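Structure record follows, encoded as structure tokens.
A short reminder: the numbers here are calculations on the coordinates, not readings from a lab. Nothing here was measured: the structure is a model prediction, and the numbers come from that model. Glycine gets a Cβ as well: all are built from the backbone with ideal geometry, and neighbour counts include every protein chain shown.
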Amino acid sequence: MAEEAILGYLEKTEQISDSGNFAAELGLDHTDVVNVIKSLHGFRYVDAQDIKRETWVLTDEGRKYAAEGSPEVQLFLAVPPEGSIPKDELQKKLVPAVFKIGCSQAGKNRWVEMGKQISRKVQHVEDKVKELLLRVEDGHAIEKDDINSLKARKLIVQQTWKGYSVSKGPNYAPKRKKVATDLTRENLQRGDWKELEFKEYNFNAKGQPAEGGHLHPLLKVRKQLKDIFLQMGFEEMPTNNFVESSFWNFDVLFQPQQHPARDSHDTFFLEEPSTTRKLPEAYVELVKRVHESGGYGSRGYGYDWKREEANKNLLRTHTTAVSSRMLKALAEKPFAPKKYFSIDRVFRNEAVDRTHLAEFHQIEGLVCDRGLTLGDLIGVLHDFFSRLGMSKLRFKPAYNPYTEPSMEIFSYHEGLGKWVEIGNSGMFRPEMLLPMGFPEDARVIAWGLSLERPTMILYGIDNIRDLFGHKVLLLLLLNLSTCFCCLKQENVAASFSP
Ligand code: PHE
């Protein structure tokens, strides 16, 4: 609008002498006109000369009187035409400032007789002050004496008005040419790059400020859990293999081959490569034997153990697969007590919903030593969870193929006022540990929990897909990360809920 008007005007006339008058004549906003002039000037369509004018504008008080009338006239009108009014009664009829200023001005103008009683001295008055204020407000010039008196009464102040006088520049054209910012593949194909005018690079322009990196909420909670494990003297296990053989994920853990978890409905099996290349043959023999006929005081499962089942590659379904490899390696060395932990991703072929994803993270801890008992497991769990702020724990007998006894862990959630399940635990079976080569009295206590659950509740996320996966809004995570900087351990505790 303003741009067309300016370029069009210059086509016929050499100069726009005053952008202010120009804007007023065309009914345009002067700020818009100024912005367009600056931009046209930048591309040298126009030359522009600064013009400055001192103008007067109304103060807040001036604006009020321009609308409501001057205090002296307001006072005059409050005095009855005939007779008089007691001063204190008149005072009650007017705002304090209007009464005070009105008295002195109306007195000075000899409009009223001042005393205990106030009466009119003239029949009619004109509100010259209001008139002058309205003229100033409309941008009209007024007499010097009037300016001085309004200024003295602080009803107007001076302001510097800035505008431009504008004439054609070296690149003047009645219409701005669109300059190309990029040379595109289409430009090259069409050949129109020859005619195109390209925008010059502005090497002085500052780039967009770079947003700092932000940690994903899961990474923050993971860090906190990792610190707790490290404080308790645990070593981190290497978890960098998502692909695992069924052997290490299931068989080593004394999980029978007909177990429903080993079904493709529950587990992602790999198509390529579908089987593992190498297993420790002597150990495979021992695992096979314990499944089929037991040993070490066990009757086994009494079925035909198949090597093909053990060979199948899968995406690990739990981080206990990592623990089984680590324990086997440990059993091959002269016995030494160990404390291990891991926090990493696992995969399950589950229907995805608000609380389930096909991939999530598990936290796992284990302690290996001679003669450990269930009491040690309970003690370690108390130590671990109280560091997370959960000191009220309860245990419920459970079943895992690889642990006996097994316990579900519950914690009392103060906020919800009830016991909520927070993890699973147990003592690894002799059927698992002895074939590995551990001494008779070696015991391994272990527990596991998910990383997503506490994180979700901590952040008030009720749909896991908002936290993890391809539908996550990065902006949401960014905002979450700002309110998370003061995470306290108590908050983690409060966050566990069903
Ligand atoms: N692996 C178990 C799970 O997937 C957790 C667990 C770990 C249980 C260690 C007992 C011992 O839930």
What is the extension gain from Asn202 to Lys396, computed as 0.36 nm multiplied by their sequence separation minus the C-alpha to C-alpha distance, in nm to one decimal?
62.9 nm
Using mean Cβ contacts within 10 Å as the protection proxy, how do 137-143, 237-243, 317-323 order, highest first?
317-323, 237-243, 137-143
For helix 217-231, what angle does its Cα long axis make with the longest principal axis of the chain, in degrees from 0 to 90 and rounded to 10?
50 degrees
Check the straight Cα-Cα distances from Lys226 and name the lysines below 20 Å, setting aside those fewer than 8 residues away within the same chain.
Lys338, Lys339, Lys488
List the residues whose amide H sits under 5 Å from the amide H of Lys392, counting only those 5 or more places along or on another chain, with H placed 1.01 Å from N in the peptide plane.
Tyr412
Could you grab the relative contact order for region 218-495? Cα pairs under 8 Å, six or more apart, rounded to a whole percent.
20 percent
For the pair Asp29 and Lys108, what calculated FRET efficiency results from E = 1/(1 + (r/R0)^6), where r is the Cβ-Cβ distance and R0 = 35 Å, to the nearest 0.05?
0.25
Any idea how far apart Arg44 and Phe269 come out in nm if each label point goes 7 Å out from Cα toward Cβ?
7.5 nm
Residue-wise, which Karplus ³J(HN,Hα) couplings in Hz belong to region 325-338, taking 6.51 cos²θ - 1.76 cosθ + 1.60, θ = phi - 60°, and x for glycine or proline?
4, 5, 5, 4, 4, 5, 5, 7, 9, x, 4, 8, x, 9
Treating the beta-carbon of each Lys and Arg as +1 and of each Asp and Glu as -1, no other charges, what is the dipole magnitude of region 273-352 about its Cα centre, to the nearest 20 debye?
280 debye
For Leu219 and Thr181, compute 0.36 nm times the residue count separating them, minus their Cα-Cα distance, and round to one decimal in nm.
9.6 nm
Computed lengthening from Gln123 to Gln159, 0.36 nm per intervening residue step minus Cα-Cα distance
9.1 nm
Would region 24-110 count as rounded, prolate or oblate if I go by the C-alpha gyration tensor, calling it rounded below 1.5 in a/c and otherwise prolate when a/b exceeds b/c, oblate otherwise?
prolate
Straight-line reach check, Lys392, cutoff 19 Å on alpha carbons, 8 or more apart in-chain or any other chain, hits among aspartates and glutamates -> Asp376, Asp383, Glu408, Glu414, Glu421, Glu490
Between Glu137 and Lys100, with labels modelled 7 Å along Cα→Cβ, what's the label distance in nm to one decimal, could you check?
2.4 nm
Report relative contact order for the chain in percent, whole number only (criteria: Cα-Cα under 8 Å, sequence separation at least 6).
13 percent
Along the positive direction of the dipole of the chain (beta-carbon charges: Lys, Arg +1; Asp, Glu -1; about the Cα centre), which of Ser324, Leu94, His382 reaches farthest?
Leu94
Report the label-to-label distance for Thr355 and Glu4 in nanometres (one decimal), using points 7 Å from each Cα along the Cα→Cβ vector.
6.2 nm
Under a Cβ-only charge scheme (Lys and Arg +1, Asp and Glu -1), can you give me the dipole magnitude of region 218-495 about the Cα centre, in debye to the nearest 20?
440 debye
Helix-derived [θ] at 222 nm for the chain: sum -39500 (n - 2.57) over DSSP H runs of at least 4, divide by residue count, nearest 500?
-10500 deg cm²/dmol
Expected sort for 13-26, 336-349, 170-183 on mean C-beta neighbours within 10 Å, highest first, is 336-349, 13-26, 170-183
Between Asp18 and Lys194, Cβ-based FRET efficiency (R0 51 Å, step 0.05) works out to 0.75
So if R0 is 22 Å, what FRET efficiency would Tyr296 and Ala261 give, r being the distance between their Cβ atoms, rounded to the nearest 0.05?
0.40
What angle do you read, to the nearest 10 degrees and between 0 and 90, between the alpha-carbon axis of helix 374-387 and the longest principal axis of the chain?
10 degrees
